[in-house]
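First comes the structure, then the notes that go with it.
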Amino acid sequence: MGRSGLLSRADNPGSLYSDQRAGGAGSGAADAHADAAWGAFASARSAADFCASWLSLQCLQISEVQAALLLLEQGGGTFVPAAVWPSETADVSYLAPAAEQCLSERQGKVLRGQAGALVVVAYPVELDGELQGAVVLDVDERDDEALQAVLRQLHWGIGWIQTLFLRRRQLDDAQTLQRARSALDVLAVASEQARLPALALAVVNELASRFACDRVALGIDRGGRARLLALSHSAVFEKKSQFVAALENAMDEALDQRRSVVFPPVDEHSGAMAIAHRDFAANRAVCSVLLASRGIGVGVLTFEQSRPFSIDEVRGFEAVSALLGPLLESRIELHRWFAGRLFDPCRDGWRHLRDPRRPAFRVALALVILLLLGVFFLDGDYRVSARAVVEGEVQRAAVAPFDGFLREAPVRAGFIVRKGQILATLDERDLLVEHQRWLSERAQHEGRYRDALARHERANAHVALAQVQEAESQLALVEEKLLRARIVAPFDGVVVSGDLSQLLGSPVEHGKLLFEIAPLDAYRVILKVEDRDIRDVHAGQSGSLVLAGLAGESLGFEVRNVSMAESEDGRNVFRVEARLDRSDLKLRPGMEGVGKINAGEQSYAWIWTHRLSDWLRLQIWTWLP
């Protein structure tokens, strides 16, 4: 344990107690043994010496002790003898049952044998509620009050053992803190480098100077073999040299065993094989530490120096590797090309596929393969989607018959009208005045015609007759306008466009569109197909339509004509006319939805990717010189 159990004389009152005894009890063999025990206790250089001298003092302070045993926890719930009194070779196995009972019950025990032949006192050693061991004494028979005094003496004396554990814990915490500080410093140096080669060189140089090593090397895992990446204080090295091959073999030894390998070994019970390290070390000491991330080895750090490594140095190396492993893995991933990155998931997938403990992975992979085969080799219905608008099959326009003024307009867009129903009326007053004027002119011309006949003036009679006929023609024209001043619906239908209710009294020009009327029982569908899909559309194809107002019902249609192209929202679309299979639907012109035209059968892979492949072909054609 090194100096973990050191107690200086200034920390131990043994010398004061020895002075008090020398002044009161006089000299003798007992005093000599006590002085020797206190001296050994005060000058203990190790935990074993400390425990042995402490147990001797307890046995000297408690009279008539035959044998004693101190058990301390070694790790993993295992308790081993830390000291035996009166000598290390004394047989104290008969004290084991009392020790086991004391450890299980975690309280002081006094056990007596048959006829008082054996009296055993056991007391647990605890620290912060955790069981650390037990003290067991074989004492002579005595009364209960004396046995209680023995327990009290052990209770007070165990405080020194607790001090040992506290000092050991404090020293371990300090060493752990120092290792963590060193590891964070190295990680900070590594994090400053964005490229893998620069990171590796910076790390090995920092480790060599920080831990005073002769040389530090960093290797990474490449296909299960370690490959040297950087050597401390060396910008370049010969990758195929004998030295590099021996160093990589030593790294492989640590990588294969997934553990740290040290030669000469610091722990004889470590179980690590160090054959390659022994061949590489020669007369030096070599330590290889695994760099792991997510439980997988990604690299190896190898340290070299002239003197053997200590356990504290190895733990410091392992602390650095614990933080450096994930960072190294991320830099390796960034350094690799796409093919190298793809290899890892493929390798992992192959390993999972061969693992008999994962049958679900095999089933899932088989289903995925079947799905992909179905996508590439099974055909499905290919349908061209387009935005659709419902229009009347016939749309009749109601226009202004002559120049005039609007008098009334009782209907507007959306009204259902019957044949002959008045849609709008123009002002007739000017026409009525003109009608009277032409009536009077006709009467005048008829009078001149009669006078010319009476005077036998044939020329004047012909002129007057022509004027009468002209007046009658103008009068017929005015009467026709009067009849057409009332604009009526040509058939039963719905007013598609036109709202003149806010324009009463305003002038209208001859031929101006006032209303559009569509029938209620005859509709057509206009599909606006993009130009990239128009090649698959032709007359005679069938399809289905779903309107926003009738989302729960699919309407069948048949393509009748592929019309001209037009621009819509910056895209080039073609007007495709189609006729609905049913006419007994409650439709309105202007209803919109989505129509799909059946364009044959294609593989699912082609259906889902043909637009992308067409776009790529066009871009390649554009880019090519």
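The values are calculated or read from the model by the stated rules, or taken from the named source; none is laboratory data. What you are looking at is a predicted structure, and each value in this text was computed from that prediction instead of being measured. Quick reminder, even Gly has a Cβ in these numbers, built from the backbone with ideal geometry, and neighbours come from all protein chains shown.
Screening PHE402 against (1) touching a residue at least 24 places away in the same chain (Cβ under 8 Å); (2) within 60 Å of the chain's Cα centre (by Cα) leaves a single unmet condition, (2).
Within 23 Å of SER209 (Cα to Cα), in contact (Cβ under 8 Å) with a residue 40 or more places away in the chain and surrounded by fewer than 18 Cβ atoms within 10 Å (Cβ to Cβ), is that true of ARG284? Answer is yes for this residue. Taking first residues from the range 597-625 that are farther than 20 Å from ASP531 by Cβ and partners that are surrounded by 10 or more Cβ atoms within 10 Å (Cβ to Cβ) and among the acidic types (Asp, Glu), the Cβ contacts under 8 Å between residues at least 6 apart in sequence or on separate chains come to GLU601/ASP379; GLU601/ASP381; SER603/ASP379; TYR604/ASP379. Within the bounds of the range 218-237, is there any residue that is aliphatic (A, V, I, L, M), more than 25 Å from ALA188 (Cα to Cα) and surrounded by fewer than 23 Cβ atoms within 10 Å (Cβ to Cβ)? For the range 218-237, residues aliphatic (A, V, I, L, M), more than 25 Å from ALA188 (Cα to Cα) and surrounded by fewer than 23 Cβ atoms within 10 Å (Cβ to Cβ): absent.
Could you grab me the full set of residues in the range 477-490 that are more than 14 Å from ASP427 (Cα to Cα) and either at pLDDT 85 or above or in contact with a strand residue (DSSP E or B) (Cβ under 8 Å, 6 or more places away or on another chain) (or both)? Residues satisfying the conditions are VAL488, ALA489, PRO490. Looking at the range 577-621 only, could you name the residues that are in a helix (DSSP H, G or I), aliphatic (A, V, I, L, M) and either touching a strand residue (DSSP E or B) at 6+ places or on another chain (Cβ under 6 Å) or under 18 Å from VAL389 (Cβ atoms) (or both)? ILE607, the sole residue that qualifies. Every condition in (1) part of a strand (DSSP E or B); (2) of a type outside the set (S, T, N, Q); (3) surrounded by 15 or more Cβ atoms within 10 Å (Cβ to Cβ) holds for GLU566 except the one numbered (3).
For the structure I just gave you, tell me whether LYS528 is in the same structural domain as ARG560 (by TED's automatic domain parsing), farther than 15 Å from ARG412 by Cα and in contact (Cβ under 8 Å) with a residue 24 or more places away in the chain. Against the criterion (in the same structural domain as ARG560 (by TED's automatic domain parsing), farther than 15 Å from ARG412 by Cα and in contact (Cβ under 8 Å) with a residue 24 or more places away in the chain), LYS528 qualifies. The single condition from (1) surrounded by 12 or more Cβ atoms within 10 Å (Cβ to Cβ); (2) part of a loop (DSSP other than H, G, I, E, B); (3) not β-branched (Val, Ile, Thr) that PHE574 fails is (2). What is the one condition in (1) modelled with pLDDT under 75; (2) surrounded by 18 or more Cβ atoms within 10 Å (Cβ to Cβ) that ALA464 does not satisfy? ALA464 satisfies all of (1) modelled with pLDDT under 75; (2) surrounded by 18 or more Cβ atoms within 10 Å (Cβ to Cβ) except (1).
Every residue, every condition in (1) farther than 30 Å from GLY549 by Cα; (2) without any contact (Cβ under 8 Å) to a residue 60 or more places away in the chain; (3) out of contact with any Cys (no Cβ under 6 Å at 6 or more places or on another chain), yes or no:
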residue	(1), (2), (3)
GLN305	yes, no, no
SER330	yes, yes, yes
LEU334	yes, no, yes
LEU353	yes, yes, yes
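No other residue among ARG442, ARG437, ARG362 is over 36 Å from the mean Cα position of the chain (by Cα), outside the structural domain of ILE534 (by TED's automatic domain parsing) and free of Cβ contacts under 8 Å to residues at least 24 places away in the same chain apart from ARG437.
Of all positions in the range 165-182, none carries a residue that is among the aromatic types (Phe, Trp, Tyr) and touching a Phe, Trp or Tyr at 6+ places or on another chain (Cβ under 8 Å).
Residue by residue, here is whether (1) crowded, with 19+ Cβ neighbours inside 10 Å; (2) in contact with a strand residue (DSSP E or B) (Cβ under 6 Å, 6 or more places away or on another chain) holds:
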position	(1), (2)
ALA272	no, yes
ILE275	no, no
VAL289	yes, yes
VAL300	yes, yes
